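K.L.:
Dumping the structure here so I can ask a few things about it.
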């Protein structure tokens, strides 16, 4: 018997977003991240946050449901930078925030200024990592993204990923009192260019996590096409397939219309968009914008 599908509730000060197996797919905008963006890093070091304002505006207009914020800039005070960025973004939009950092002090700084119920990105199944971050998740009543890998390399076998998922859920719920619904698993989407069989393993992991635990799942969607040509086409194909396997959200660039439209079309066919009203509204808005242009 399959597990009961769970819902993960995120909030800003005024807006609620629910991630769930019976809900429309949750788009987590990834753009507010300096990784690989040299000019953005230089601006942040100089105290220039103007790019954040542009990125927020572009992702909100593109239809993001949640915004991921990462301020991992070398040679900066990341806790201070992350807290400032979160404070700024909250003034620009009412979308909930995913606080993204590998630095525990930065996560706490971000959580301390956030007004709502955040999603924290992320932990692994490593005991020390869970011990460092799960108390913060509990303290600030947040939800957490968890990756089923440990001190060893990322497991390529579905059985190992499902086993580590079980460990994470057990530790989080039994040792730290975190609700199972607040654990969002990243099933580890690997680049198809490195191994064409890896996606089939990931789809199996998704199905088993959905059926065994009922928890929600997310991933860095652009990872699957890394190193390949025609990346938007690959991502627009892979995401609807992942949705049928149990993926309920993704950290992705919300500014890619081809990918976003594929996801919203999949929502229609999966019965997550009642009467196709969201699809119809988006189509009419697009027509109106084109007519105005």
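The values are calculated or read from the model by the stated rules, or taken from the named source; none is laboratory data. If you're wondering where the values come from, they're calculated on a predicted model, not measured in any experiment. A quick note on method: Cβ atoms are made from the backbone with ideal geometry, for glycine too, and the neighbour counts reach across all protein chains shown.
K.L.:
Do the conditions hold for residue 90, that is, is it in contact with a strand residue (DSSP E or B) (Cβ under 6 Å, 6 or more places away or on another chain), in a helix (DSSP H, G or I) and over 30 Å from residue 153 (Cα atoms)?
P.N.:
Taking the combined requirement at face value, the residue does not satisfy it.
K.L.:
Here are some residues: 97, 32, 28. Which one is surrounded by 17 or more Cβ atoms within 10 Å (Cβ to Cβ), in contact with a strand residue (DSSP E or B) (Cβ under 8 Å, 6 or more places away or on another chain) and closer than 19 Å to residue 134 by Cα?
P.N.:
97
K.L.:
Which members of the range 63-84 meet the condition of being under 10 Å from residue 99 (Cα atoms) and out of contact with any helix residue (DSSP H, G or I) (no Cβ under 7 Å at 6 or more places or on another chain)?
P.N.:
Residues satisfying the conditions are 68, 70.
K.L.:
Show the residue pairs meeting these rules: Cβ distance below 9 Å; 6+ apart or different chains; first residue within the range 161-182 and within 15 Å of residue 210 (Cα to Cα); second residue modelled with pLDDT under 95 and surrounded by fewer than 16 Cβ atoms within 10 Å (Cβ to Cβ).
P.N.:
161/154
K.L.:
Now for a different question. All but one of (1) farther than 23 Å from residue 39 by Cβ; (2) over 16 Å from the mean Cα position of the chain (by Cα); (3) not in a helix (DSSP H, G or I) hold for residue 72; state the number of the condition that does not hold.
P.N.:
Residue 72 satisfies all of (1) farther than 23 Å from residue 39 by Cβ; (2) over 16 Å from the mean Cα position of the chain (by Cα); (3) not in a helix (DSSP H, G or I) except (1).
K.L.:
Quick check on the range 55-68. Is at least one of its residues in a helix (DSSP H, G or I), crowded, with 20+ Cβ neighbours inside 10 Å, in contact with a strand residue (DSSP E or B) (Cβ under 7 Å, 6 or more places away or on another chain) and in contact (Cβ under 8 Å) with a residue 60 or more places away in the chain?
P.N.:
yes
K.L.:
Surrounded by 17 or more Cβ atoms within 10 Å (Cβ to Cβ), in contact with a strand residue (DSSP E or B) (Cβ under 8 Å, 6 or more places away or on another chain) and within 30 Å of residue 179 (Cα to Cα) - does that describe any residue in the range 272-291?
P.N.:
No - not one qualifying residue is present in the range 272-291.
K.L.:
What is the one condition in (1) within 18 Å of the chain's Cα centre (by Cα); (2) under 26 Å from residue 264 (Cα atoms); (3) surrounded by fewer than 19 Cβ atoms within 10 Å (Cβ to Cβ) that residue 89 does not satisfy?
P.N.:
All conditions are met except number (3).
K.L.:
For residues that are out of contact with any helix residue (DSSP H, G or I) (no Cβ under 9 Å at 6 or more places or on another chain) and at negative phi, scanning just the range 201-227, find the one that is surrounded by the fewest Cβ atoms within 10 Å (Cβ to Cβ).
P.N.:
Checking each candidate, the answer is 211.
K.L.:
I need a count of the residues in the range 118-142 that are in contact (Cβ under 8 Å) with a residue 60 or more places away in the chain and either surrounded by fewer than 23 Cβ atoms within 10 Å (Cβ to Cβ) or over 19 Å from the mean Cα position of the chain (by Cα) (or both). Even if it seems obvious, please write down each step before you answer.
P.N.:
Residues of the range 118-142 that are in contact (Cβ under 8 Å) with a residue 60 or more places away in the chain, as a first pass: 118-119, 121-122.
Among the residues that remain, those that are also either surrounded by fewer than 23 Cβ atoms within 10 Å (Cβ to Cβ) or over 19 Å from the mean Cα position of the chain (by Cα) (or both) are: 122.
Looking only at that region, the number is 1.
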